[in-house]
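The values are calculated or read from the model by the stated rules, or taken from the named source; none is laboratory data. All values reported here derive from a predicted model rather than from experimental measurement. Cβ placement follows ideal geometry from the backbone for every residue including glycine, while neighbour counts extend to all protein chains displayed. Just so you know, the surface numbers come from the protein's heavy atoms only, side chains and all, with ligands and any DNA or RNA stripped out. Shrake-Rupley method; radii C 1.70, N 1.55, O 1.52, S 1.80 Å.
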Amino acid sequence: RLPSLNSQNSSDDGASTPPSSSGSLNILADSPRIPDSDPRPRAESITDAVHYPSPSINEEEVKADPRSLSRRTLRLHLLLFDPVPGNQVYTTRYLDPLNWSTGNQAMDVSSCSELRRVLAIYPYEPLPAITFHAPLIPTYPSSASVDEIASLGCHQGALLCAPNRISCRLSYAMLRSFLANECGVKLRGCRPFDESLATRQATLRVLEMLRAAAVDDAAKAGTFDGTYVSRAAHSPTPGAAVVRRATGRYLNAFHRRLATREGASTDVDDGRPLYVLDVVRGDE
């Protein structure tokens, strides 16, 4: 049994309204397995991780400006899981002209030239506005490679070591792939999750079942297109949100990337949105 994906809409600060349907998203009697996106042995994955060449260092330049050493040698990778500044969207947008709030201070990190790679994961289910849990979608350097992926679950509840939660398995798959394969981090793993890992093909089948079940769940509630759930977010542009649409060709960006890797992508434009779960940056 999978976690509920009932319809709910958030206010400007991520508050939710009562669901419009009492049905929950069910696919299989047994909880399906969400494996790591790369099922190779962990040691092999770490060996194949990205390695950067050591930059040449001009000693005279370093003596003149010691900070140049850190700028040339430091490469920062960020893994953000539902980053929340603890402010309300209304506050950062209208009540903080001096940018004193945490949300506004972290809104633009484009000047951080050391930032090279970012994976930001945003569970789509909103919390009430009183919890001050609207997520942050900042501006990054143009030179950085950034992936912003909407996912299942609600805030840190999607990051527990709970193999029976489909949202937690999906989070584990994305986190492990990024840390081990892109950052070269040697992970000790989480046995309950590792024991349930299967193949990439099996992962694709489960993701497709999740996509189809989400579309069917929205249809039963009478929603066949447009946005089904919206979680408002802090962003330099108004209208930014983590959304769940009524339909889509892929569950989320992780689903599409894995399908492309396995030669099973369906990027033919058939009028449907690309993702069911998506991060929207708002009006440009």
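Annotations for the structure displayed:
- Any hit, the range 166-186, residues being modelled with pLDDT under 80 and open to solvent by 40 Å² or more (accessible area, probe 1.4 Å): no
- Filtered residues of the range 199-213 (kept if touching a Pro at 6+ places or on another chain (Cβ under 9 Å) and either β-branched (Val, Ile, Thr) or over 17 Å from Ser177 (Cα atoms) (or both)): Thr199, Thr203, Arg205, Val206, Met209, Leu210
- Of all residue pairs spaced 6 or more apart or on separate chains, those with beta-carbon atoms under 7 Å, a first member in the range 134-146 that is under 20 Å from Cys183 (Cβ atoms) and a second member that is assigned to a strand (DSSP E or B) and β-branched (Val, Ile, Thr) are Tyr140/Val118; Tyr140/Val146; Ala144/Val118; Val146/Val118.
- The residue that is surrounded by the fewest Cβ atoms within 10 Å (Cβ to Cβ), counting only those in the range 258-281 that are more than 19 Å from Gln201 (Cβ to Cβ) and touching a residue at least 60 places away in the same chain (Cβ under 8 Å), is Arg281.
- Applying the criterion of being among the aromatic types (Phe, Trp, Tyr) and buried (at least 20 other Cβ atoms within 10 Å of the Cβ) to the residues of the range 116-147, the residue that is farthest from Leu175 (Cα to Cα) is Tyr124.
- Per-region count, the range 148-165, residues open to solvent by 50 Å² or more (accessible area, probe 1.4 Å) and either β-branched (Val, Ile, Thr) or over 22 Å from His255 (Cβ atoms) (or both): 2
- So Thr227, is it open to solvent by 50 Å² or more (accessible area, probe 1.4 Å), of a type in the set (Ser, Thr, Tyr) and over 21 Å from Leu79 (Cβ atoms): yes
- Exactly one residue among Cys161, Cys168 is free of Cβ contacts under 8 Å to residues at least 40 places away in the same chain and not in a helix (DSSP H, G or I), and that residue is Cys161.
- Subset of the range 233-284 [touching a Gly at 6+ places or on another chain (Cβ under 7 Å) and part of a loop (DSSP other than H, G, I, E, B)]: Ser235, Thr237, Pro238, Gly239, Ala240, Ala246, Arg272, Pro273, Leu274, Val276, Gly282, Asp283
- Checked against the criterion of being at pLDDT 90 or above, open to solvent by 40 Å² or more (accessible area, probe 1.4 Å) and within 26 Å of Val84 (Cβ to Cβ), the range 242-250 has at least one qualifying residue.
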